[in-house]
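The block underneath contains the structure these notes are about, expressed in structure tokens.
The values are calculated or read from the model by the stated rules, or taken from the named source; none is laboratory data. Please read these numbers as outputs of a predicted model, since none were measured by experiment. Positions of Cβ are backbone-derived with ideal geometry, glycine not excepted, and every protein chain shown enters the neighbour counts.
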């Protein structure tokens, strides 16, 4: 599918975005192994999160969907059933990596598959710790899907992540639910903590001390009513658009403001963004509120170390912000971008160059000089949802209409993206 996007004169209005993708995945998986019913409100509409629901159903769990409300009849830690066929994670690395932790403890063998893109994403960082815990997992050479997981009685582990990854951390913690004793995960830098919050909400005994997470095995998880805030990673595209298009003012309602994710707002404000947060409340341990953004003169700057880990999903759209900023943007310590749905350093730089934007690619990052002008061009999503959406925002700044090839990739996480973009632009 192609989308034709014309330059914007103003970004304005009030919008409410779909539920947070990261939280939706975790709630669905944990609700399946909790005891009793869980009702999840504002569940993500993205295809990735529905891949998780499909896998949960295939494991014998009753799931009822009414719009963005999802009801899951949990069967407890030991209630999953052997699937009749392959578990299809679609394009979702989150589904494959995190669900592997639960499957590693089951008294049956599972086979997880994915689409062509997911089949090129390495799973070794999940396979290694789960194998240390006692599971037997086979994959294609190099640790690529499909994964065949032969479940076993797991033992607890004290594991230091070689690279910060919330998905790998979550997979180990999910496996740790089944291991009698104490599982410890140590992070090199702090990553998003939705798993720790959700586990605590459902009744697990979990402690967090700086970058060390300690979980007691074999808890009794209890189903409950859960509310998913709107996805701040989805909001990032609209925030950048409103900052860069002159005369803009936009209100985004109900945005998740978890401190491990709201680094985005801190970084934008440090660069000169006019952003206000109001009406903050907490539900199920997660903060949410309204974000008001106005067009601003952005200075630019550097993103590195812990900040890069916190902003890894937003870097493609922040590269666009950098090109329009006064001083440009330098991103370091972002090698993780090379093993996402695409090599996002390469695909982002390719589209930037098509628009006449100078950039320098490095093994672990990108440098984008500031004060550049965007030229109309034919752009490509390369099948990556975040590249499709990021360069749709770039198209708003161009000197003419742009075509986005493969724009339907956005549906993986945000099927309403283009409708909402037309509403505010």
Mind checking which strands (runs of 3 or more DSSP E) fall wholly inside the range 340-415 and carry at least 2 residues that are in contact (Cβ under 8 Å) with a residue 60 or more places away in the chain and surrounded by fewer than 21 Cβ atoms within 10 Å (Cβ to Cβ)?
-> 402-405
Touching a residue at least 24 places away in the same chain (Cβ under 8 Å) and in the same structural domain as residue 394 (by TED's automatic domain parsing), is that true of residue 82?
-> no
Tally time: how many residues in the range 151-170 are in a strand (DSSP E or B) and either surrounded by 16 or more Cβ atoms within 10 Å (Cβ to Cβ) or outside the structural domain of residue 106 (by TED's automatic domain parsing) (or both)?
-> 1
Would you please name the residue that is farthest from residue 247 (Cα to Cα), looking only at residues in the range 289-302 that are without any contact (Cβ under 8 Å) to a residue 60 or more places away in the chain and in contact with a strand residue (DSSP E or B) (Cβ under 6 Å, 6 or more places away or on another chain)?
-> 302
For the range 320-340, does any single residue satisfy the condition of being over 17 Å from residue 362 (Cα atoms) and within 19 Å of the chain's Cα centre (by Cα)?
-> no
In the range 178-195, which residues are surrounded by fewer than 23 Cβ atoms within 10 Å (Cβ to Cβ) and either closer than 23 Å to residue 80 by Cβ or out of contact with any helix residue (DSSP H, G or I) (no Cβ under 7 Å at 6 or more places or on another chain) (or both)?
-> 179, 180, 181, 182, 184, 186, 188, 193
